[in-house]
Amino acid sequence: MARHVRDEPGVRLLLSITGVGIVTAATLWAYIGDPARFRTAKQVTRYAGLDASVHQSGERERHGRISRNGCRLLRTAVVEAAHSVARHDLGPLGLCYRRKQRQIGRHKAVVALARKLLVVAWRMLLTGKVYQATKPALVEQKQRQLEEWLEAALDWEAVLR
């Protein structure tokens, strides 16, 4: 995996989000692909199954839990990353989580944060801008880890030959 994402600018861009590691950044980049294929944030969340399910009958309409009709691996990766973001981020995403936690509880707030994280990642890939509250030292650490993974992969290839 390290070989495939080493020179990918999208993965390096996503690493600027506090709480998003190499595996999550690679997963987001791989599943979102070309960000221009999604016209709206709603399409991205629907693709991951993080959109609200809708129950309609006549004039009654109720929005329920997430639909889970999208890509299961992407949804899982984003929710796992949301747990880490909730714990470590002091920027806009972390503040959003803490506000939602008081309003709707911890578990629902993590899912809401996962949806927001996915939209932020999509927007970052679309515009090429880094995360607002990025920590440069943390990004450097993640990039060093990526290089270490690459060296380990090359060492294993040499052993297997």
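The values are calculated or read from the model by the stated rules, or taken from the named source; none is laboratory data. Just so we're clear, the structure is a prediction, and the values are computed from it rather than from any experiment. Quick reminder, even Gly has a Cβ in these numbers, built from the backbone with ideal geometry, and neighbours come from all protein chains shown.
Observations on the structure shown:
- Any pair with Cβ under 7 angstrom, 6 or more apart, that starts in the stretch 121-138 at a residue that is in contact (Cβ under 8 Å) with a residue 40 or more places away in the chain and ends at one that is part of a helix (DSSP H, G or I) and not hydrophobic (A, V, I, L, M, F, W, C): Trp122/Pro35; Leu125/Gly10; Leu125/Pro35; Leu126/Pro35; Gln132/Pro92; Ala133/Pro92
Residue-by-condition table, conditions (1) in a strand (DSSP E or B); (2) under 18 Å from Ala25 (Cα atoms); (3) in contact (Cβ under 8 Å) with a residue 60 or more places away in the chain; (4) out of contact with any Pro (no Cβ under 7 Å at 6 or more places or on another chain):
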{"residue": "Gln43", "(1), (2), (3), (4)": "no, no, no, yes"}
{"residue": "Tyr47", "(1), (2), (3), (4)": "no, yes, no, yes"}
{"residue": "His55", "(1), (2), (3), (4)": "yes, no, no, yes"}
{"residue": "Arg62", "(1), (2), (3), (4)": "yes, no, no, yes"}
{"residue": "Leu74", "(1), (2), (3), (4)": "no, yes, no, yes"}
{"residue": "Val78", "(1), (2), (3), (4)": "no, yes, no, yes"}
{"residue": "Ala81", "(1), (2), (3), (4)": "no, yes, yes, yes"}
{"residue": "Val85", "(1), (2), (3), (4)": "no, yes, yes, yes"}
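- Residue match in the stretch 104-123 (condition: outside any helix (DSSP H, G or I), basic (Lys, Arg) and surrounded by fewer than 21 Cβ atoms within 10 Å (Cβ to Cβ)): no
- Flag if Arg99 is within 17 Å of Gly19 (Cα to Cα) and more than 17 Å from the chain's Cα centre (by Cα): no
- When Gly58, Gly10 are screened for being in contact with a Phe, Trp or Tyr (Cβ under 7 Å, 6 or more places away or on another chain) and among the small types (Gly, Ala, Ser), only Gly10 passes.
- Residue satisfying all of: in the stretch 33-57; out of contact with any Gly (no Cβ under 8 Å at 6 or more places or on another chain), among the hydrophobic types (A, V, I, L, M, F, W, C) and closer than 17 Å to Asn69 by Cβ; surrounded by the most Cβ atoms within 10 Å (Cβ to Cβ) among these: Val44
- Residues in the stretch 5-41 that are of a type outside the set (Ser, Thr, Tyr), more than 16 Å from Glu148 (Cβ to Cβ) and in a helix (DSSP H, G or I): Pro9, Gly10, Leu13, Leu14, Leu28, Trp29, Ala30, Ile32, Pro35, Ala36, Arg37, Ala41.
- The single condition from (1) over 21 Å from Ala41 (Cα atoms); (2) surrounded by fewer than 14 Cβ atoms within 10 Å (Cβ to Cβ); (3) not polar (S, T, N, Q) that Lys129 fails is (1).
- Yes/no for Leu95 being hydrophobic (A, V, I, L, M, F, W, C), more than 22 Å from Ala133 (Cβ to Cβ), part of a helix (DSSP H, G or I) and modelled with pLDDT of 90 or more: no
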